Amino acid sequence: MRPPSLVPWIGFAAAALAIAFAPTVADGGLLRLLSEVLITLAMAQMWNLLAGYTGLVSMGHQAFAGIGAYVLFVASDRLGISPYWMVPVAGLGGALLAALVAPLMFRLRDAYFSIGMWVLAEIVRLLVAKFPLFGGESGVPLQAVRLVEAESFQQNAFWISGAIGLAAVAGVYLLMRSPFGLGLMAVRDNELAATSIGVNVWRNRFIAFVLSGLGFGLAGGAHFMGTMFVSPDSAFDINWVVTAMFIVIIGGIGTIEGPLIGTVIYFGLRELFNTWFAMSGGWYLIAMGCIAIAVMLLAPRGLWGLARERWGWRGLSVQRHPPPRDEASLSAPLPPSTQGRTA
Amino acid sequence: MAWLETLINGVLLGGLYALFGLGLALVFGVMRMVNLAHGEFVVLAAYFAVFLATQFPGVSPLFFIAPVALAAFGMGYLLQRLLLNRAVATDDPLTPVLVTFGIAVVLRNLMVELFGADPRALDGGALATAGFEIGGLRIGWYPVLVLVLAVLAFGALQWLLQHSRFGLVVRATSDHREIVRTMGVRPRHVYAVVMGLSLAFASVAGLLLALRTSFTPFSGVERLLGAFEVVIIGGLGSFRWALVGGIALGVAQLVGQRLDSNAGALYAHLLFFAVLMVRPNGIAGART
């Protein structure tokens with residue numbers, strides 16, 4: 001295998017530098033928007049890790065975002081620890097919930113998995129709303145915010161969002177270059193063939209599922225720490241998944257660049273709608289929904305897929321390249337898969 | 001006595017849930033596809049019924065069943081012909097899931113923008129409150145009517161699929177999409193009729209539910225999850241057991257409401273999870 005190109009890492013370093021220095025040039029409003037963009041990017045990457053690389057389309061990942069938020073609020077308020085330190089704990093909360101429900105949810109296939117996850121998110125939402133410990137249906141403010149300096153809070157919250165967004169992109173990139181990622185993609189493309197060469201399907205799915213739960217827990221915790229208020233309806237909002245899904249479909253499902261492009265388009269169009277056309281969020285979601293449906297039916301590989309076909313762009317490709325010719329000729333080329341995804 | 005009444009009302013409410021599930025199960029059985037916009041179409045039908053009620057005041061809402069069902073059939077037919085047939089043709093099970101989810105988001109927000117987010121209800125007049133007593137138990141006419149309609153709908157669909165020429169064509173298309181083409185069957189048309197039937201059943205259920213509880217554009221989610229749970233509890237592809245699944249869900253919801261006044265839906269969801277744990281293929285499915 002060819003050694004990985006350095007270009008992606010230079011890109012990551014540039015993005016990290018930009019995030020580090022953004023608070024010195026951007027005002028409060030812009031920082032809030034950028035935080036939201038980075039958190040949404042992380043969620044889109046994590047949703048894509050599951051949908052694009054394992055074929056599990058979840059409609060219930062808001063459960064992990066919500067659990068992350070509530071873990072952060074309750075833990076830092078009860079223990080009196082700065083909310084910054086509770087962000088990783090929020091991620092662990094999401095991962096733990098994912099690990100607990102995976103054996104049950106994996107019994108459902110395809111669309112049934114999607115809706116089963118949604119039911120799960122509803123159960124978690126209704127349970128959280130019932131217990132006074134979590135503030136009931138009206139929600140709770142983040143009291144632990146008094147433990148941190150007020151002046152630096154927004155800046156630190158932005159850096160945490162930035163770290164989560166960067167880590168999500170870099171993490172999926174590294175994961176997909178590893179043997180584990182190769183196994184994941186093999187299962188997605190042909191489950192039977194992957195099993196027969198010794199890929200443990202259940203284990204691969206489980207790891208991807210728990211990792212995406214971790215990512216949503218981190219993102220949910222960091223987002224609601226920034227807003228300093230959480231309620232069951234906002235934390236367990238299906239629109240977390242709707243946004244991630246639209247971004248992934250429009251950008252290109254099953255690629256790392258897809259969620260990046262999709263996030264830029266999503267927020268670019270949203271700002272355009274808000275400021276230029278002064279239209280409500282509802283009409284914006286309607287427009288995004290129509291675009292996503294059209295992309296799904298006309299160009300299922302998304303905008304990045306189109307660009308790759310047309311101009312041969314490689315970007316953050318995790319494609320493998322065969323070793324030099326003399327070695328390659330020893331092994332006969334594998335016949336192309338005759339079957340797409342096995343139902 | 002109060003518990004027995006709860007139980008009986010739960011069974012009757014179950015008829016309504018079963019009607020929601022029926023359309024979902026039919027589409028899945030024939031096309032191997034789940035319509036995630038099912039709940040939104042149920043709510044859309046309820047808005048149409050409310051519109052008819054304002055146009056024809058004083059007419060019993062039961063007379064609206066036929067026009068609402070016809071409109072829903074036409075809508076389902078067009079939806080399948082114009083959009084969903086393309087999604088089914090990709091043979092990737094994910095495409096219909098994502099496309100119908102997109103349609104659900106579009107419809108939900110469209111209804112918010114057009115009709116507002118305030119709760120609406122259909123005025124049932126005397127029907128909603130009338131009832132009778134048997135041995136000290138008070139039972140409303142409305143839930144009885146709902147259960148009778150649900151059983152009739154299940155019976156009619158079962159007969160249509162098993163004994164009519166149309167049913168034969170549908171079953172053959174479901175089994176071998178490519179082979180029936182050689183015998184002059186147009187799968188695209190068959191699928192569209194099936195989707196029309198599915199939405200017609202769902203719209204009748206939506207109208208009946210609007211007589212009992214108020215709804216908002218966001219109620220579609222609850223309707224979809226209820227329909228889905230009915231299908232899973234009953235076992236995939238089994239109509240008769242879907243009726244049982246609906247009744248189990250209705251009883252769980254009302255018993256839950258008695259125990260815990262504002263969280264009835266939670267108990268219905270928990271029942272679904274319990275069934276999934278014990279019998280992943282539903283009550284009718286084979287044990288694994």
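Coordinate-derived values only; no laboratory data. Values in this document were obtained by computation on a predicted structure and should not be read as measured data. We place every Cβ from the backbone using ideal geometry, glycine too, and count neighbours over all the protein chains shown.
For this structure, a couple of remarks:
- Rounded to whole Hz, the Karplus (6.51, -1.76, 1.60) HN-Hα couplings of segment A:266-276, x for glycine and proline: 4, 6, x, 5, 5, 5, 4, 4, 5, 8, 7
- The simple spin-label model puts a point 7 Å past each Cα toward its Cβ; for A:ALA193 and A:LEU174 those points are separated by 3.0 nm.
- Report note on the peptides A:90-100, B:15-25: ranked by the mean count of other C-beta atoms within 10 Å, highest first, their order is B:15-25, A:90-100.
- Between the amide H of A:PHE229 and those of A:LEU142, distances stay under 5 Å, these residues lying 5 or more places away or on another chain, with hydrogens modeled in the peptide plane.
- Helical mean residue ellipticity (222 nm; -39500 (n - 2.57) per DSSP H run of 4+; nearest 500) of chain B: -24500 deg cm²/dmol
- Residues A:TRP85 and A:LEU30, FRET efficiency given R0 of 35 Å [Cβ-Cβ distance, rounded to 0.05]: 0.85
- Mean separation of Cα contacts under 8 Å (6+ apart) over length of segment B:147-244, as relative contact order %: 22
- Take every Cα pair under 8 Å whose residues are at least 6 apart in sequence, average their separation, divide by the length of chain A, and the relative contact order is 29 percent.
- Number of partner chain Cβ atoms within 10 Å, mean per residue of A:285-292: 5
- Contact order relative to length of chain B, as percent, for alpha carbon pairs under 8 angstrom and 6 or more apart: 39
- Hz values of 3J(HN,Hα) by residue in segment B:183-195 - Karplus curve (6.51, -1.76, 1.60), Gly and Pro given as x: 9, x, 8, 9, x, 4, 5, 4, 4, 5, 5, 4, 5
- Anisotropy class of segment B:2-278 from Cα gyration tensor, a/c 1.5 cut: prolate
- Note on chain A: GNM, Cα springs under 10 Å; of A:ASP110, A:ASP77, A:ASP237, the largest mean-square fluctuation is that of A:ASP110.
- Between segment A:119-177 and segment B:31-47, the alpha-carbon center distance in angstrom: 33
- For chain B, built as a Gaussian network whose Cα springs stay under 10 Å, the top-fluctuating residue of B:LEU271, B:LEU249, B:LEU224: B:LEU271
- B:THR90-A:LEU100 pseudo-label distance in nm [points 7 Å out on the Cα-to-Cβ vector]: 3.4
- The simple Förster model, with R0 at 41 Å and r as the Cβ-Cβ distance, assigns B:THR182 and A:ALA307 a FRET efficiency of 0.50.
- Table column - 3J(HN,Hα) (Hz), segment B:66-78, Karplus curve with 6.51, -1.76, 1.60, x for Gly and Pro: 5, x, 5, 5, 5, 4, 5, 4, x, 5, x, 4, 5
- If you sort the three axes of the alpha carbon gyration tensor as a ≥ b ≥ c, you get a/c of 1.5 or more for segment B:91-181 and a/b no higher than b/c, which makes it oblate.
- Sorting A:GLU257, A:GLU191 by the number of Cβ atoms found within 10 Å of their own Cβ, with the fewest placed first, yields A:GLU191, A:GLU257.
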